[in-house]
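These notes concern the structure reproduced below.
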Amino acid sequence: MDSENILKVAANALNSKKAKDINCIKIDGLTLLTSYFLLCTATSNTHVRALADEVEEKLKESGVTPHHIEGKTSGWLVLDYSSVIVHIFTPKEREFYALDKMWSDGEKIDLTKILDDAIGE
């Protein structure tokens with residue numbers, strides 16, 4: 001599955017489970033690390049896990065599994081799908097780490113074009 005399809009499935013999975021402030025930054029021109037960062041905020045640690053489970057389940061249905069998962073018991077969980085890295089934060093962790101600002105030189109992707117429904121707010 002290509003990067004854009006992984007991004008679409010993951011973003012829709014997050015949106016379906018009411019993730020907040022879903023953003024995507026295309027960073028392939030800035031680093032060799034990955035092509036996209038997909039970031040969102042969860043309302044609690046339980047919500048963080050539920051969002052991650054939904055992303056994993058939907059991508060697994062498409063035959064894609066994460067290369068690595070980090071932070072299963074913290075307020076910041078990372079699902080690494082090589083070309084797409086999904087970051088799920090609690091509000092406190094998202095504000096503290098400020099990845100949106102750190103990677104602001106990347107291209108912000110308009111997710112309204114790939115989401116099945118309106119973006120979570």
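From the list S35, S44, the lone residue that is within 14 Å of the chain's Cα centre (by Cα), surrounded by 11 or more Cβ atoms within 10 Å (Cβ to Cβ) and of a type in the set (S, T, N, Q) is S35. The condition of being within 12 Å of the chain's Cα centre (by Cα), within 23 Å of T112 (Cβ to Cβ), small (G, A, S) and open to solvent by less than 80 Å² (accessible area, probe 1.4 Å) holds for only one of S16, S62, S3, S83, that being S83.
Pairing each residue of region 80-106 that is among the small types (G, A, S) with any residue that is open to solvent by less than 20 Å² (accessible area, probe 1.4 Å) and part of a helix (DSSP H, G or I), provided the two are 6+ apart or on different chains, yields C-beta distances under 9 Å for S82/I6; S83/I6; S83/L7. Of the strands (runs of 3 or more DSSP E) lying entirely inside region 36-100, none contains at least 1 residues that are of a type in the set (G, A, S). Looking across E57, E70, one residue alone is touching a residue at least 12 places away in the same chain (Cβ under 8 Å) and open to solvent by 60 Å² or more (accessible area, probe 1.4 Å). It is E57. Applying the set (1) surrounded by fewer than 19 Cβ atoms within 10 Å (Cβ to Cβ); (2) part of a helix (DSSP H, G or I) to G29 leaves exactly one unmet item: (2).
The values are calculated or read from the model by the stated rules, or taken from the named source; none is laboratory data. Here the structure is a predicted model, which means the values were calculated and not measured. Every residue, glycine among them, receives a Cβ derived from its backbone with ideal geometry; neighbour counts consider all protein chains shown. Surface accessibility is based on the protein's heavy atoms, side chains included, excluding ligands, DNA and RNA. Shrake-Rupley method; radii C 1.70, N 1.55, O 1.52, S 1.80 Å.
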